[in-house]
Amino acid sequence: MSKTAKKEGAATFESSLEKLESIVHELESGAKGLEDSLALFEQGVSLAKSLTKQLEDAKAKVEILTKENGKLKGKPMDETIA
């Protein structure tokens, strides 16, 4: 993955997290009606699932790193997932 792609992924994660935080604040304010609140809640759940998946993927990549000959070396995920 190129550095640009990594930066875009990070920006996407960060912007999604900011959007989720914004939704939470809107819901907590109680200013929205029931229908609007439900729509926001659905959007928030979708964002939370997406963010959780991204974090799980990142965790899996970190766990794949192993120490060989005193150096960290990444292994392809396919080798570790059965």
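Evaluate the following for residue 10: is it at pLDDT below 95 and assigned to a helix (DSSP H, G or I)? The answer is yes for residue 10. Per the listing 15, 37, the residue uniquely in a helix (DSSP H, G or I), polar (S, T, N, Q) and within 17 Å of the chain's Cα centre (by Cα) is 15.
Within segment 13-43, the set of residues being free of Cβ contacts under 8 Å to residues at least 12 places away in the same chain and not charged (D, E, K, R) comprises 15, 22, 25, 29, 30, 31, 33, 34, 37, 38, 39.
Take residue 56 and decide whether it is modelled with pLDDT of 90 or more, surrounded by fewer than 12 Cβ atoms within 10 Å (Cβ to Cβ) and part of a helix (DSSP H, G or I). Yes; evaluated as a whole, the condition is true for this residue.
The values are calculated or read from the model by the stated rules, or taken from the named source; none is laboratory data. What you are looking at is a predicted structure, and each value in this text was computed from that prediction instead of being measured. Backbone-built Cβ (ideal geometry, glycine too); neighbour counts: all protein chains shown.
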